[in-house]
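The next block holds one structure in the form of structure tokens; read it before the comments.
A short reminder: the numbers here are calculations on the coordinates, not readings from a lab. Note that this is a predicted model, so its numbers are computed, not measured. Because the Cβ atoms are built from the backbone with ideal geometry, glycine has one as well, and the counts that use them run over all protein chains shown.
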Amino acid sequence: MGRAFDPSLIVDFIPTLIYYLGVTLKILAASVLLGMVIGIAAAILRLFRIPALNQIVILYISFIRGTPILIQLFLVFYGLPAILIFINIDISRMDALYFVIITYALSNGAHFAEIFRGAIKAVDYGQTEAAYSVGMNNSQSFFRIVLPQAIRIAFPNIANSIIGSLKDTSLAFTIGVMDMMGRGETLIAATAHALEVYLSLAVIYYAVVLLFEKIFRLYENRINRHQTVDVSVTG
Amino acid sequence: MTIDIPFIWTAFKEIIRALPITLILTILPLLAGFIIGLTVALIRIYKVKFLSRVANGYVSFFRGTPIIMHIMLIYFGFPLLIDQISKKFDLGIQSNSIPIILFVLTALSLSAGAYLSEIFRSGIISVSNGQMEAAYSVGMNSFQAMTRIVLPQAIAQSIPNFTNIFIGFLHTSSIAFVVSQKEMTGAANIVASTNLKFLESFIAAGLIYWGLTIIAEGLSFLIEKKATAYNRGGVQ
């Protein structure tokens, strides 16, 4: 071991660690897409107050918002195999990556459900009435008129949620996933330069977050292009 | 693998003993963050020269990196820094005599400050400028108008956001277990690995966090009703 703190190592570590960015992004993409499906389904169950399922969704959202993601990660990691063994499915040897994706998908689903519900309610009911008046049926008016407007309203919150989720993936290493953080841990074990590794990781996360913010802002401007200025306050 | 239901209760009693540390790791950073956040928000609103650039960089960096990074950077970085300074000035302070919890508290306070500053900023901006003008018209100076008129309204406006941050940091404190702090998640981890009952222990920990969250949401609702009592709508 050389000097106690060697800044040149930060530059050396970045290429090694960025190689594992793919795993982080894979977790993010899979859990956001699955989360969207769960979120939209949960929001619809709540909006139409489907008996029994509505209560289950309320409980699910409350639980996810009421517990740390770390605890959720452990619960899925230890709990899912224990539940599935009852129906004779053994997943105890499944790659930890899938447990992480399932956890983050469930977590994203709960947050997306609330975002979508708020956004759909924010669309004026007059829009649905107008759609009926030109002869659309229920699903046409929902998918062609209400949903596109709701997505526009929900977008900034969804973008925030995705960035939050990206940062949350840094906890996946606690159940042994080889993402950027996991690789960082092995680098520390090999080189004993913890601070430099974490600085490199911070640089990478920060760069990715800034990039995401940029992309989301561009996209937000795009979906707001038909709006008059007073509605879309973008900076 | 079966689930040992009675053990959940045993684990529950064991884990809840770590509640005070969890609360310390939640409340102290938020109090420190309150001061940092308010200062940073005012610097950014009044666009103080140079300082506002530093403040922008601070908020952007802390919101742009995972909180576990802040804990790790300070946990590994501060001891090096303290030892260097100590050696240079011959202070005789040794970094390994400083309890780890102080590093964790520093890291969490800095994160809390960044998140809270955004809440203050939006809260202060949401109070209409007419309020400031009205305060001037009755002879208040800028400082009085800010502390007596604008800030109370801004804080009342921000209560739902404060609740979110409180709950967020209650949950974030669980990360402290990765630097072996014995808060609730750390305690759950110990109970789990000594008894080899992982699922039951984390169910117990999950229930405690969930209960705390529900209590916090209830309290926030009551406080919000009280704090926005001035804003009854009434005659319009």
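Before moving on, here are some points about what is shown:
- Overall Cα dimensions of the range A:131-191, principal axis frame, Å, largest first: 69, 18, 12
- At least 18 Å along the helix axis (C-alpha) and Kyte average at least -1.0, DSSP helices within chain B: B:19-45, B:51-64, B:67-89, B:100-126, B:159-172, B:198-227
- Value at 222 nm in deg cm²/dmol, rounded to 500, when DSSP H runs of n ≥ 4 in chain B each add -39,500 (n - 2.57): -25000 deg cm²/dmol
- Restricting the calculation to Cα atoms, the range B:98-236 shows an Rg/Rh of 1.14 when the hydrodynamic-style radius is the Kirkwood one.
- Cα-based shape type of the range B:1-104, given that a ≥ b ≥ c are square roots of the gyration tensor eigenvalues and the cut on a/c is 1.5: oblate
- Size of the range B:83-143 from its Cα atoms: along the principal axes, largest to smallest, the extents are 57, 23, 15 Å.
- Within the straight-line cut-off of under 22 Å between alpha carbons, the lysines reachable from A:Lys167 are A:Lys26, A:Lys214, sequence neighbours fewer than 8 places apart in one chain being disregarded.
- Here the protein assembly as shown is treated as a sphere whose radius is the Kirkwood value from Cα pairs; by Stokes-Einstein at 10 °C and 1.306 mPa s it diffuses with a coefficient of 64 µm²/s.
- Value at 222 nm in deg cm²/dmol, rounded to 500, when DSSP H runs of n ≥ 4 in chain A each add -39,500 (n - 2.57): -24500 deg cm²/dmol
- Whether chain B is rounded, prolate or oblate, judged on the alpha carbon gyration tensor where a/c under 1.5 counts as rounded: oblate
- Applying both filters, DSSP loop and at most 14 other Cβ atoms within 10 Å, to the trypsin sites (Lys or Arg not before Pro) of the range A:1-61 gives A:Arg3, A:Arg49.
- In nm, spacing of pseudo-spin labels at B:Ala134 and A:Tyr219 (7 Å Cα→C-beta vector): 4.2
- Judged by the ratio a/c of the largest to the smallest principal axis of the C-alpha gyration tensor, the range B:41-164 counts as prolate, that ratio being 1.5 or greater while a/b is larger than b/c.
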